[in-house]
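Trainee: One structure follows; several queries about it will come next.
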Amino acid sequence: MHDTAPSEPSEQGPLAGFTVGVTAARRAEELIALLQRRGAVVRHAPALRIVPLADDSELRSATHELIGTAPDIVIATTAVGFRGWIEAADGWDLGEALLQRLDGAEILARGPKVKGAIRAAGLREKWSPASESMAEVLDRLLAQGVAGRRVAVQLHGEPLTGFVEALRGAGADVIGVPVYRWMPPEDIGPLDRLIDATLAGSVDALAFTSAPAATSLLARAETRGLRADLVAALRQDVPAVCVGPVTALPLQAQGIDTLQPERFRLGPLVQVLCEELPARAAELSVAGHQVRIRGRAVLVDGALHSVPPAGMALLRALARRPGWVVSRAELLAALPGPGRDEHAVEAAVARLRTALGSSALIQTVVKRGYRLAVDPARTPDSAP
């Protein structure tokens, strides 16, 4: 599913009315399904593609190296990567030899899923961190000492540079096992459109499930001369939600604050979005109605109303000063496009009233402009 076009929002779910950008290549369908079940519109633009394991000469070379000289310690980081490594080795007629070498090593499993993959291969892990954190794995290894020991680290898309450097600094002979390798997407169009939509304010949040995807997005923006604009958008208006701290590193290096779940899984990531985006939505009491302004839709007394982009631009301009009169000239400047005729404002307001299902929400102030008909006693900072 690529570059998902906006569709009619569902009235069910905490993400109804919001648009979320998804940069994932691996397990993208699962993440998209979770978001859509909660009402979100999804724009999917894979920032990367994965080189098939059977075609990866780097993985084959690392496998030969480990069969030639057995590792003392093996660190398995992802279930899909570990399974894929064993399957690829089988395809090269190296599977049995690899399993014999791994069976004689101390195997550390980053989490319960990879622990299951290890056991399915007929092996047994020695230890797994309760936190599922590579930092805890590193602390254990450094505490027990790795000087002179050969350590195989199953990489999972991210280079784990700091982790590997720390082991080498402690005297270990580290062999990286790149169980899948990232490449730029063959079709760059969806990624460009996601960047453009983010800068245009048409995306409410971006979800990241790997550090290479975040790096690729920033690199593509750099190539187009849009990196500074994209970083500014992610710092101010568009939350970046990452599946875990490693994924967040390229964004944090740009001064972008990220949101992360306590458990590094897709479900908790979606839950963070379900909590964050509704909390950011403006909530007003207008003409006796409860109005919540979301990304591309408006909740009026709990009913979701899809609003076109011009109408959302006007509504946000009015909501920035709830109850105050906003001139036609200001509203014209807020409208997307190059129009300079104030009659365009009147037409857009008419369409907005229709979309909201009530003309009473927006009042016309003759010869001055328009205002939201806020209920002063129930809306903070409204006009008297």
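The values are calculated or read from the model by the stated rules, or taken from the named source; none is laboratory data. Predicted, not measured: the structure shown is a model, and the values here were computed from it. For neighbour counting, all protein chains shown are included, and Cβ atoms are generated from backbone atoms with ideal geometry for every residue, glycine included. Please note that ligands, DNA and RNA were not included when accessible areas were found on the heavy atoms of the full protein model with its side chains. Shrake-Rupley method; radii C 1.70, N 1.55, O 1.52, S 1.80 Å.
Trainee: Using the Karplus curve 6.51 cos²θ - 1.76 cosθ + 1.60 with θ = phi - 60°, work out ³J(HN,Hα) for each residue of region 202-209 in order, rounded to whole Hz, and write x for Gly and Pro.
Mentor: Running phi through 6.51 cos²θ - 1.76 cosθ + 1.60 with θ = phi - 60° gives 8, 10, 8, 7, 10, 10, 10, 10 Hz.
Trainee: Whole-Hz Karplus ³J(HN,Hα) for region 46-51, in order, using 6.51 cos²θ - 1.76 cosθ + 1.60 and θ = phi - 60°, x for Gly and Pro?
Mentor: Per-residue couplings from phi come out as x, 7, 8, 10, 9, 6 Hz.
Trainee: Another question, if that's okay. Report the GluC sites (Glu not before Pro) located in region 206-281 that are in a DSSP loop and have at most 11 other Cβ atoms inside 10 Å of their Cβ, or state none.
Mentor: On the way: sites: Glu222, Glu262, Glu275, Glu276; in loops: Glu262.
Qualifying residues, ordered by number: Glu262.
Trainee: Hey, rough spin-label estimate for Ala253 and Ser306, points 7 angstrom out along Cα→Cβ, what's it come to in nanometres?
Mentor: 4.1 nm
Trainee: Which value, in debye to the nearest 20, describes the size of the charge dipole of the chain about its Cα centre when Lys and Arg Cβ atoms bear +1, Asp and Glu Cβ atoms bear -1, and nothing else is charged? The partial results should precede the final answer.
Mentor: Details: 42 positive and 43 negative charges, 225 e Å.
Taking the Cα centre of the chain as origin, the dipole is about 1080 debye.
Trainee: Please label the shape of region 225-293 as rounded, prolate or oblate, based on the square roots a ≥ b ≥ c of the eigenvalues of the alpha-carbon gyration tensor (a/c under 1.5 means rounded; beyond that, a/b larger than b/c means prolate, else oblate).
Mentor: Note, shape of region 225-293 comes out oblate.
Trainee: Separate question: Taking the DSSP beta bridges in the chain as the whole, what percent of them are antiparallel, to the nearest 5? Write out the running numbers ahead of the final one.
Mentor: Numbers: 22 of 48 bridges.
Restricted to the chain, the bridges split so that about 45 percent are antiparallel.
Trainee: Oh, and also: Taking 0.36 nm per residue of sequence separation and subtracting the Cα-Cα distance, how much length would be gained by fully extending the chain between Ala279 and Asp375, in nm to one decimal? Present the calculation step by step, with values, prior to reporting the outcome.
Mentor: Details: separation 96, 0.36 × 96 = 34.56 nm, distance 2.09 nm.
Stretched fully, the Ala279-Asp375 segment lengthens by 32.5 nm.
Trainee: With every protein chain left in place, what is the accessible area per residue of region 70-135 in square angstrom, probe 1.4 Å?
Mentor: Working: 2840 Å² over 66 residues.
In whole numbers, region 70-135 has 43 Å² accessible per residue.
Trainee: Hey, another quick one. Simple spin-label model, 7 Å along Cα-to-Cβ: Ala97 to Leu142 in nm?
Mentor: That separation, rounded to one decimal, is 3.6 nm.
Trainee: While we're looking at this one, here's another question. At q = 0.13 Å⁻¹, what log₁₀ I(q)/I(0) does the chain have when each alpha carbon counts as one equal point scatterer in the Debye sum?
Mentor: Those come out to -1.03, one per q.
Trainee: What spacing in nm lies between the two simple spin-label points modelled at Glu186 and Asp229, each 7 Å away from Cα in the Cβ direction?
Mentor: Between Glu186 and Asp229, the simple spin-label model gives 3.0 nm.
Trainee: Which far-off residues, 5 or more places away or on another chain, put their amide H under 5 Å from the one on His44, with H placed in the peptide plane?
Mentor: HN-HN under 5 Å from His44: Asp3, Thr4, Val22.
Trainee: What is the antiparallel percent of DSSP beta bridges lying wholly in region 214-361, to the nearest 5?
Mentor: Of the beta bridges lying entirely in region 214-361, close to 85 percent run antiparallel.
Trainee: Another question, if that's okay. In the chain, carbon and sulfur make up what percent of the accessible area (probe 1.4 Å)? Each step should come with its number before you reach the end.
Mentor: Working: 8590 of 17210 Å².
Summing carbon and sulfur atoms, their accessible area is 50 percent of the total for the chain.
Trainee: Given H placed on each backbone N at 1.01 Å, which residues far from Arg149 in sequence or on other chains put an amide H within less than 5 Å of it?
Mentor: Asp173
Trainee: Along the positive direction of the dipole of region 203-345 (beta-carbon charges: Lys, Arg +1; Asp, Glu -1; about the Cα centre), which of Ala310, Ala214, Leu249 reaches farthest?
Mentor: Checking the options against the dipole of region 203-345, the answer is Ala214.
Trainee: So if I place +1 on the C-beta of Lys and Arg and -1 on the C-beta of Asp and Glu, and nothing else carries charge, what would the dipole magnitude of region 61-169 be about its Cα centre? I want it in debye, nearest 20. Kindly include the intermediate steps, with their values, before the conclusion.
Mentor: Details: 12 positive and 14 negative charges, 54 e Å.
Value, rounded to 20: 260 debye.
Trainee: Accessible area, 1.4 Å probe, largest first: how do Phe264, Phe163 sort?
Mentor: Details: Phe264 60, Phe163 20 Å².
From most accessible down to least: Phe264, Phe163.
Trainee: Any idea of the accessible area per residue across region 267-331, 1.4 Å probe, to the nearest Å²? Intermediate results must be reported in sequence, preceding the final value.
Mentor: On the way: 2540 Å² over 65 residues.
Computed with neighbouring chains in place, this is 39 Å² per residue.
Trainee: May I ask you to derive the FRET efficiency for Glu87 and Trp127 from their Cβ-Cβ distance with R0 = 30 Å, giving the value to the nearest 0.05?
Mentor: On the way: r = 25 Å, r/R0 = 0.83.
Calculated transfer efficiency: 0.75.
Trainee: List the residues whose amide H sits under 5 Å from the amide H of Ala282, counting only those 5 or more places along or on another chain, with H placed 1.01 Å from N in the peptide plane.
Mentor: Amide H neighbours of Ala282: Ile293.
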